[in-house]
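Below is one structure; the comments refer to it alone.
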Amino acid sequence: MKGVKFVIAGILFGVIMVKSEAASWYRIQEMFRFQSFHMYGIIGTAVGLGAIAIFLIKKLEINDFYGHPIVFPHKEKSWPKYILGGLIFGLGWALAGACPGPMFVNLGYGYPTMIIVILGALLGTYLYGITKNKLPH
Amino acid sequence: MIELLKQPWPWYASGTAITFIMVLLLYFGKSFGFSSNLRTLCTLAGAGKTHHFFDFNWRTQRWNLLFMAGAVFGGYLSAAWLKSDQLLQLAPSTIADLQTLGVPFDGGLNPSSIFNWHFAFSPKGLVTLLGGGLMIGFGSRYAGGCTSGHAISGLSNLQLPSLWAVIGFFAGGLMMTHVFFPLIF
């Protein structure tokens, strides 16, 4: 039953994505057209509070649920993969209007055609996996 | 309480709630990053037999698959119990711009003119949904993360690589919206 807490966290995440409207195709378009503060407010608040939370976790050496120190994965130091990968991601994000989490949330919400976006994303992930060694990182 | 939750949430409440999810997963000893599930799903489909990138013990990501299943259910619950009576409060200028492009605003979360089976299997629909998804999947793995892993977890941890990725996300999004969108729609 160790997994139940992750299902519950996922349910909360799904509800948050819907009620914040971060899972809205329209809101993504509005953001990239700079026509509302909504999405910037959400991301800004999440990052601002997140930075304070992570600072405190490190400063106070807070342990996790199991009593282990909380470790933060360091991202590999490089830039081409982040810029190029990010660029490709952004093109898809604005077109399909959903990032990976909201694709699945929308499927549950009642947009069955999201399965095509998900299949596309799986195909894209697979294509990356087989072409990885030929790409600049 | 339910009535309060039913209303569209203001941005500051939404942002705070997202931070809560990130901290909750850290407390559970995990790191918030949704797109890793796409790789795990490829592994489960058997991609690990032929390609090294997918050859890993998927059980290490079991927690994230459970989180993903929860997310689908959370979407369902929001529609069943927490749906607002109001239309989405989209900016009038966005409504006007999308109308010009032939995507009318219907007040829902996503445009029914795009997310329907008839459009989905048209050439334009396949470019939008399958093509869009393909770029999201390829790009998120190439960049090593998506909005949750880089924009939220990475930036909160002041990781420079995540800043590069987020700059890429926005540059790509702006390019699609302002350059390619008028060509596709």
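The values are calculated or read from the model by the stated rules, or taken from the named source; none is laboratory data. Source: prediction; values computed, not measured. All Cβ positions, glycine included, derive from the backbone under ideal geometry; neighbour counts span all protein chains shown.
Give, as residue ranges, the helices (runs of 4 or more DSSP H) completely inside the range A:20-137 that count at least 1 residues that are surrounded by fewer than 20 Cβ atoms within 10 Å (Cβ to Cβ) and not β-branched (V, I, T).
A:38-59, A:80-96, A:114-131
Cβ-Cβ distance below 6 Å, separation of 6 or more or different chains: which pairs start in the range B:15-38 with a residue that is touching a residue at least 40 places away in the same chain (Cβ under 8 Å) and end on one that is surrounded by fewer than 18 Cβ atoms within 10 Å (Cβ to Cβ)?
The qualifying pairs are B:S31/A:P73.
Just give me the residues in the range B:78-88 being surrounded by 13 or more Cβ atoms within 10 Å (Cβ to Cβ) and not hydroxyl-bearing (S, T, Y), in sequence order.
Selection gives B:A79, B:L82, B:K83, B:L88.
Just a yes or no: is a residue in the range B:112-127 modelled with pLDDT of 95 or more, surrounded by fewer than 19 Cβ atoms within 10 Å (Cβ to Cβ), in contact with a helix residue (DSSP H, G or I) (Cβ under 9 Å, 6 or more places away or on another chain) and under 22 Å from A:G129 (Cα atoms)?
Within the range B:112-127 (the criterion being modelled with pLDDT of 95 or more, surrounded by fewer than 19 Cβ atoms within 10 Å (Cβ to Cβ), in contact with a helix residue (DSSP H, G or I) (Cβ under 9 Å, 6 or more places away or on another chain) and under 22 Å from A:G129 (Cα atoms)), the answer is yes, since at least one residue qualifies.
State yes or no: is B:T19 buried (at least 18 other Cβ atoms within 10 Å of the Cβ), part of a helix (DSSP H, G or I) and hydroxyl-bearing (S, T, Y)?
yes
Being assigned to a helix (DSSP H, G or I), aliphatic (A, V, I, L, M) and over 17 Å from A:V105 (Cβ atoms) is the filter here, so list the residues in the range B:61-119 that pass it.
B:I95, B:A96, B:L98
For the range B:22-36, what are the residues that are within 7 Å of chain A (Cβ to nearest Cβ), in a helix (DSSP H, G or I) and closer than 15 Å to B:R62 by Cβ?
Residue satisfying the conditions is B:L25 alone.
Select from the range B:1-35 the residues that are of a type in the set (A, V, I, L, M, F, W, C) and over 20 Å from A:P102 (Cβ atoms) and write down the one among them that is modelled with the lowest pLDDT.
B:M1
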